[in-house]
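Below is one structure, written out as structure tokens; comments come after it.
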Amino acid sequence: MAGNFYSVRCSDCENEQTVFGKASTEVACAVCGTTLARPTGGKAEIEHEIIETVESR
Ligand SMILES: [Zn+2]
């Protein structure tokens, strides 16, 4: 089963960014560089507010 995508709001600058739910590398905010998600060996751990879950097609 493919992983989902999440719309995540950066708690530092309120940028909204789409993050892959199984990211294998750290995902940084495109605006301020804060780490939005970090890999945990399977599912990414998202440390900021998840606004929306987007099912992959
Ligand atoms: Zn940010």
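The values are calculated or read from the model by the stated rules, or taken from the named source; none is laboratory data. What you see is a predicted model, and the numbers here were worked out from it, not measured in a lab. Positions of Cβ are backbone-derived with ideal geometry, glycine not excepted, and every protein chain shown enters the neighbour counts. Accessible surface is based on the protein model in full, side chains and every heavy atom, while ligands, DNA and RNA are left aside. Shrake-Rupley method; radii C 1.70, N 1.55, O 1.52, S 1.80 Å.
A few remarks follow.
- Residue in the stretch 19-52 that is nearest to the chain's Cα centre (by Cα), counting only those that are at pLDDT 95 or above and among the hydroxyl-bearing types (Ser, Thr, Tyr): Thr35
- So Thr25, is it out of contact with any Cys (no Cβ under 6 Å at 6 or more places or on another chain), open to solvent by 30 Å² or more (accessible area, probe 1.4 Å) and touching a residue at least 24 places away in the same chain (Cβ under 8 Å): no
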